[in-house]
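Input: a single structure, listed below in structure tokens.
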Amino acid sequence: MTGTAHPLVTDYLAAIEREASFLPAGRREELLADLREHLAVAVGEEQDPEAVRTALERLGSPSAIVAAAREEEPEAAAAAPSPAPQPRSRSVLTAVLLGVSGIAALSSPFAGLAALVLGLALLWTSAAWQRRTKAVATALTLAAPVTVGLSMLLLAARLGIVELLVLLAVSIALPATAAVRLLRAPARAA
């Protein structure tokens, strides 16, 4: 009797076949053939149950072998839900809305607020950017109205032309920086 015909080996291979039932038939047969070949060498003509058990333990548990095969299976990666690619136009629209929110707020507070809210909603529902990129863009975009608002409250009596120009620059530059960062950010890895 060869090592692959040993009862412990046949039980081992049967357990792997059961646990690997999710694999396509061809891949499952390939896995089992590889294991039979390996076990034919590892077990050889050995009949001692302890020696066979030791060889099987060195190979690994059936669940560990099947888990490794699952990781190598391309269908397993494809089965994981991946976000649908977002059209580039949506990414550009998001960046533009956030970028103009500061200057729009200067012309009309309602328009600025609408651009800001819509831009942030598009940003956070998008799959195009990583969470860190979204957080940085949000912080830069929100820093402009917060800075302008606090300046108006705290320095209202002391606002001169220079201070107003600085606030104007801040309300334009920070959202524009956020927009540029979004447009230059690498695509999210799927």
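Quick notes on this structure:
- Per residue, segment 99-172 exposes an accessible area of 59 Å² to a 1.4 Å probe, with every protein chain left in place.
- Between the helical axis of 161-184 and the longest alpha-carbon principal axis of the chain there is an angle of about 20 degrees.
- Under a 5 Å amide H cut-off, with hydrogens placed 1.01 Å from N, GLY44 pairs with GLY3 among residues at least 5 apart or on other chains.
- For the chain, the longest principal axis of the alpha carbon atoms and the long axis of helix 49-59 meet at an angle near 20°.
- FRET efficiency, VAL92 to VAL166 (Cβ-Cβ, R0 35 Å, nearest 0.05): 0.75
- More than 26 angstrom apart: percent of Cα pairs within the chain: 58 percent
- Karplus-derived 3J(HN,Hα), 6.51/-1.76/1.60, for each residue of segment 17-28, Hz, glycine and proline x: 4, 5, 5, 9, 4, 6, 6, x, 3, x, 5, 5
- Label separation (ALA15 vs LEU118): 6.1 nm, computed from points 7 Å beyond Cα along the C-beta direction.
- For segment 83-177, the carbon plus sulfur part of the accessible surface works out to 77%, probe radius 1.4 Å.
- Choice from PRO175, PRO62, PRO49 with maximal GNM fluctuation in the chain (Cα, 10 Å cutoff): PRO49
- Over the chain, dividing the summed -39,500 (n - 2.57) contributions of all DSSP H runs of at least 4 residues by the number of residues returns a 222 nm mean residue ellipticity of -25500 deg cm²/dmol.
- Whole-number percent relative contact order across the chain, with pairs defined as alpha carbons under 8 Å at least 6 apart: 21 percent
- The reciprocal of the average 1/r between distinct C-alpha atoms defines the Kirkwood hydrodynamic radius, which for segment 115-173 equals 12.9 Å.
The values are calculated or read from the model by the stated rules, or taken from the named source; none is laboratory data. All figures in this text were calculated on a predicted structure; none of them were measured in a lab. Reconstructed Cβ throughout: ideal geometry from the backbone, glycine too, with neighbour counts over all protein chains shown. Ligands, DNA and RNA are stripped out before the accessible areas are found, and what is left, the full protein with its side chains, is counted by its heavy atoms. Shrake-Rupley method; radii C 1.70, N 1.55, O 1.52, S 1.80 Å.
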